[in-house]
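Asker: Provided herewith is a single structure, encoded as structure tokens, for subsequent inquiry.
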Amino acid sequence: MFNACRFFLLTSILALLVNTHSGFAAEVESEADLIAILEADDSPKSEKAIACKKLAVHGSSECIGAVAPLLLDPELTSWARITLEAIQDDAAVEALAAASSKLDGLPLVGVLNSLGVRRSSGTVTTVADYLSSDDTQVVEAASLALGKIGGDTARDALLGNLEANDKAKASLAAEGLIRIAEVAMAEGSTGPATDLYDKIRSLDTVPRPLIVEATRGAILARGIDGVELMVETLSADDRRIREVAFMTARQLEGDGVIDRLIASRGQVPQRLQPMFIRALGGRGEAALVSEIMSILGDASSSEALKVAALDVLPEVGGGDQLVGLLSVAVASDSIVSEAALKALSKIQDEALDNQILDVVKKSEGVKQQILVQLIGTRFLDGADFLKETIRDGDGVVRELAMEAMGNVVEIDDIPFLIERATGDNSDPLTSVALKSLGTACARMPDQKACVGQLRSAIDKSDLETQVVLVETLAAMGGAEALGLLGDLAKGGSTPIQDASTRVLGGWMSTDAGPVLAEIGRIDGHPYRIRAVRGYLRLVRQFVMKQQQRHQMIDTAVELADRAAELELVLDATKRYPTHHNLKVAVELSKVDSVSDLAKETANEIAAKLKPSPAVTKLLESME
């Protein structure tokens, strides 16, 4: 048998030669020239490979006679096959079939693969002869080729191996038959496909993965009648078989399938019903809504089943089920209630939005609390009702209304939230309002206008309120908020500078770098060191382009005038070893307060860099 390693090594070498001789290939234009290269005894094999490649694109039946002999050359057989697969002429198929009798091992495997690609029914007998081979690779190639070719003769040949006592051959035959069944299904011949799938899954000699695949095919091939088999399969001990059954519940097609599936739920084991409902939900059909509501209204339904039903409800509809879902949310335990609220939040239906805004005004107690939450989670236009509830409501509903405000208010309502967020700290609603204010500001499309309102409020507020609004700017984020925080950090009162530099030091993007650097350059600023350390935090911890980090490290060296901050600079250079950062460490070795640490850092960086005269010179400069 031909040595597999040598075969693939030679093929790889030829591929390399093809690339290196691409200029030569470009010079060849006519098919006659390419044929001449193939027929010339002194043509290098690399040039013959290129010629085959060209002929696969531009060749005709005229070149078959010159290409066919190359099938017998271990170094060129793959290139010849590529050409013959591409030429749409019976003579090309005949050449492949004729060569098979003269080959063995991997070259034969390749030719059988090519015959599968060509799918010529006239080669079935030739290919089928190799099903009895002692070479497993050859049997595999023949089985798969017959699967691609298809037809009754190919099917019958494979069935012979499927029913044999040889497990290896039975497994390979099953793969080929599954391909034939797939083609039959695609062509609408579901009866023959069903027979093949059933045959495969009935045999102990076939590996479990193929049984699983055949089971899936057997269910789908039956169409609406596959529901019964699917339900039966759900009782299987094999987890993979059950999983494929759930998969087919999503994939079965045909009129009335969803109704048959729903009707079969009672036959599904109780422990599997939640998964069954989730599978049906994946079909996205509105017919499932009534079944879901039936499950929710059935006292015998398990908690897991109710949660599963509620989880899939948004996928199938349910926009007209507000009253029923509210009843579930109010009457059920916390897990089912939360699932109902989540479902109501996710259902996409404008009619449901209008119904919520209407019903909330007539509700009270827990129902009203749930509806108020929905106004927020669904981002409904209910700010006026929420403000009214905040003023006149009591207890939990006021807090829920305030929390919802963050998701629904427009820019004109920001002052209302500012007023509430900066009110009496003993009022629990104040902290909720502050959170809503941050949420609202973060989602405002006009960030400049929102920051302008906060700036105006800060200018008019007492110190305690100003600090609260600084926290809001931090929660808001963005360039506009960052700019105002920078102004406050540089020119505000000492407590405001304290609050502003604190939130700037924790900013979650490198955008804060220039602002912190600017504060770090202000002599006598009470929080200059904090700003420098915040700047160094960005340098050391955040992802950025190398050039930007180098620039920031240079700025950090400029800002740092104490050993503690210089040590942080050295840590940054060590974390990101580059020639630039090595140079920084070498320069800092001249600073007495960090000299020893800088030398140690420089040596660590150099050890991680590629040796070069420049690196050596920098290290020598520290001596």
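The values are calculated or read from the model by the stated rules, or taken from the named source; none is laboratory data. Since this is a predicted model, take the numbers as computed values, not measurements. Positions of Cβ are generated from backbone atoms using ideal geometry, with glycine treated the same way; all protein chains shown enter the neighbour counts. Protein only, heavy atoms only, side chains kept; ligands, DNA and RNA dropped before computing areas. Shrake-Rupley method; radii C 1.70, N 1.55, O 1.52, S 1.80 Å.
Asker: Between Ala91 and Glu419, with labels modelled 7 Å along Cα→Cβ, what's the label distance in nm to one decimal, could you check?
Answerer: Taking the two extended label points, one gets 9.4 nm.
Asker: Can you give the angle from 0 to 90° between the axis of helix 528-541 and the longest principal axis of the chain, with both taken from C-alpha atoms, to the nearest 10?
Answerer: In the chain, helix 528-541 runs at an angle near 10 degrees to the longest axis.
Asker: Hey, another quick one. Roughly what angle does helix 383-392 make with the longest principal axis of the chain, taking Cα atoms, 0 to 90 degrees, to the nearest 10?
Answerer: Tilt relative to the chain: about 40 degrees.
Asker: Follow-up question, since we're still on this one. For the chain, what is the accessible area per residue in Å², given a 1.4 Å probe and the full set of protein chains?
Answerer: Details: 29370 Å² over 623 residues.
I get 47 Å² per residue for this part.
Asker: Same structure again: Compute, for the chain, the length of the dipole vector about the Cα centre, with Cβ point charges of +1 (Lys, Arg) and -1 (Asp, Glu) only. Units Debye, rounded to 20. Spell out each step's value before the answer.
Answerer: Working: 63 positive and 91 negative charges, 295 e Å.
The dipole magnitude comes to about 1420 debye.
Asker: Shifting gears a bit: Let me see the pair-distance distribution of the range 72-134: every alpha carbon pair, 10 Å bin width, integer percents in order.
Answerer: Spelled out per bin, shortest first, that is 22, 61, 17, 0.
Asker: Here's something else I'd like to know. How much length is gained on full extension from Asp237 to Lys490, taking 0.36 nm per residue of separation minus their Cα-Cα distance? Numbers along the way, then the final one.
Answerer: On the way: separation 253, 0.36 × 253 = 91.08 nm, distance 7.08 nm.
Net length gain for the segment: 84.0 nm.
Asker: Right, here's the next one. Which of the residue pairs Lys306/Lys346; Lys306/Lys342; Lys387/Lys448; Lys435/Lys460; Lys574/Lys599; Lys167/Lys199 have a Cα-Cα distance greater than 19 Å in the structure shown? Write out the running numbers ahead of the final one.
Answerer: Details: Lys306/Lys346 16 Å; Lys306/Lys342 13 Å; Lys387/Lys448 25 Å; Lys435/Lys460 21 Å; Lys574/Lys599 11 Å; Lys167/Lys199 15 Å.
With Cα atoms farther than 19 Å apart: Lys387/Lys448; Lys435/Lys460.
Asker: Follow-up. Classify the range 445-539 from the C-alpha gyration tensor, please: rounded if a/c falls under 1.5, else prolate or oblate depending on whether a/b exceeds b/c. Let's see the in-between values first.
Answerer: On the way: a/c = 2.09, a/b = 1.30, b/c = 1.60.
Oblate, since a/c reaches 1.5 and b/c is not below a/b.
Asker: With all protein chains present, calculate the accessible area of Lys617 using a 1.4 Å probe and round the result to the nearest 10 Å².
Answerer: 150 Å²
Asker: Hey, any idea what % of the range 309-358's accessible area is carbon plus sulfur with a 1.4 Å probe? Write down the numbers at each step before the final one.
Answerer: Working: 1050 of 2210 Å².
Looking at the range 309-358 in its full context, I get 47 percent from C and S.
Asker: Please express the shape of the range 512-623 as an equivalent ellipsoid: the semi-axes are the square roots of 5 times the eigenvalues of the C-alpha gyration tensor, given largest first in whole angstrom. Mind dumping the intermediate values first?
Answerer: Numbers: eigenvalues 128, 48, 19 Å².
Each semi-axis is the square root of five times an eigenvalue, giving 25, 16, 10 Å.
Asker: Turning to a different aspect of this structure: Once the Cα gyration tensor of the chain is diagonalised, what are the square roots of 5 times its eigenvalues, in whole Å and ordered largest first, as equivalent ellipsoid semi-axes?
Answerer: On the way: eigenvalues 858, 465, 82 Å².
That gives 66, 48, 20 Å for the three semi-axes.
Asker: Now a separate question. Which three extents, in whole angstrom, do the alpha-carbon atoms of the range 129-213 cover along their principal axes, largest first?
Answerer: 36, 25, 17
Asker: Could I ask something else about it? With contacts defined as alpha carbon pairs under 8 Å and 6 or more residues apart, what's the relative contact order of the chain in percent?
Answerer: Numbers: 856 pairs, mean separation 25.1, N = 623.
The value is 4 percent.
Asker: Let me ask another. With a/c under 1.5 counting as rounded, go ahead and sort the range 177-281 into rounded, prolate or oblate using the C-alpha gyration tensor (a ≥ b ≥ c being the square roots of the eigenvalues; past the cut-off, prolate if a/b is larger than b/c, else oblate). Could the numbers behind the result be given before it?
Answerer: Values: a/c = 2.35, a/b = 1.31, b/c = 1.79.
Judged from the Cα gyration tensor, the range 177-281 comes out oblate (a/c at least 1.5, b/c at or above a/b).
Asker: Ok, one more. Can you tell me the equivalent ellipsoid semi-axes for the range 47-155? Use √(5λ) from the Cα gyration tensor, largest first, whole Å.
Answerer: Numbers: eigenvalues 106, 47, 19 Å².
Over the Cα atoms of the range 47-155, the semi-axes work out to 23, 15, 10 Å.
Asker: Report the gain in length on full extension from Tyr576 to Ala164: 0.36 nm times residue separation, minus Cα-Cα distance, nm rounded to one decimal. Mind dumping the intermediate values first?
Answerer: Values: separation 412, 0.36 × 412 = 148.32 nm, distance 6.45 nm.
Additional length available on full extension: 141.9 nm.
Asker: Once the cut-off is 14 Å, how many percent of the Cα-Cα pairs in the range 360-420 end up in the long-distance tail? It would help to have the intermediate numbers written out before the result.
Answerer: Values: 866 of 1830 pairs.
Beyond 14 Å sits 47 percent of the P(r) for the range 360-420.
Asker: Then there's this: Which residues in the range 544-582 have a backbone N closer than 19 Å to a point placed 7 Å from the Cα of Lys617 along the Cα-to-Cβ line?
Answerer: Taking a point 7 Å out along Cα→Cβ of Lys617, the residues of the range 544-582 whose backbone N falls under 19 Å are 578-582.
Asker: Pop a pseudo-label 7 angstrom from the Cα along the beta-carbon direction at both Asp446 and Arg208 and give the gap in nm to one decimal.
Answerer: If labels sit at Asp446 and Arg208, their model points lie 6.4 nm apart.
Asker: Using a simple spin-label model with points 7 Å from Cα along the Cα→Cβ vector, what separation in nm is obtained for Thr136 and Glu338?
Answerer: 5.1 nm
Asker: Return the carbon/sulfur percentage of the accessible area of the range 442-483, one whole number, probe 1.4 Å, all protein chains in place.
Answerer: Values: 1050 of 2020 Å².
So the carbon and sulfur contribution to the accessible surface is 52 percent.
Asker: Using a probe of 1.4 angstrom, how much of the accessible area of the range 547-589 is carbon and sulfur, in percent? Present the calculation step by step, with values, prior to reporting the outcome.
Answerer: Working: 830 of 1800 Å².
That fraction is 46 percent.
Asker: How much length would be gained if the chain were fully extended between Arg250 and Ala287, taking 0.36 nm per residue of separation minus their Cα-Cα distance, in nm to one decimal?
Answerer: On the way: separation 37, 0.36 × 37 = 13.32 nm, distance 1.38 nm.
So the extension gain works out to 11.9 nm.
Asker: Please give the solvent-accessible surface of Ile82 in Å², to the nearest 10, using a probe radius of 1.4 Å with every protein chain present.
Answerer: Surface accessible to solvent at Ile82 totals approximately 80 Å².
Asker: A follow-up question, please. For the range 468-519, just the Cα set please: Rg and Dmax, both in angstrom.
Answerer: For the range 468-519, the Cα radius of gyration and maximum Cα-Cα distance read 9.5, 26 Å.
Asker: What angle do you read, to the nearest 10 degrees and between 0 and 90, between the alpha-carbon axis of helix 595-608 and the longest principal axis of the chain?
Answerer: With both axes taken from Cα atoms, the answer is about 20 degrees.
Asker: Could you pull the Rg and Dmax for the range 229-352, using just the Cα atoms, both in Å?
Answerer: For the range 229-352, the Cα radius of gyration and maximum Cα-Cα distance read 14.4, 45 Å.
Asker: Return the whole-Å distance between the Cα centroid of the range 268-334 and the Cα centroid of the range 31-72.
Answerer: Measuring centre to centre over Cα atoms gives 66 Å.
Asker: Please report the net charge: other residues with Cβ closer than 12 Å to the Cβ of Gln267, K and R +1, D and E -1. Each step should come with its number before you reach the end.
Answerer: Numbers: positive: Arg260, Arg265; negative: Glu228, Glu232.
For residues surrounding Gln267, the net value is 0.
Asker: Three principal axis extents, largest first, for the C-alpha atoms of the range 267-315, in Å?
Answerer: Principal-axis extents of the Cα atoms in the range 267-315, largest first: 24, 19, 18 Å.
Asker: For the range 386-496, what is the Kirkwood estimate of the hydrodynamic radius, computed as the reciprocal of the mean inverse distance between distinct Cα atoms, to one decimal in Å? Could the numbers behind the result be given before it?
Answerer: On the way: mean 1/r = 0.0714 Å⁻¹.
So the Kirkwood estimate lands at 14.0 Å.
Asker: Only Cα pairs under 8 Å and at least 6 apart count here; give the relative contact order of the range 126-188 as a rounded whole percent.
Answerer: Working: 77 pairs, mean separation 21.3, N = 63.
34 percent.
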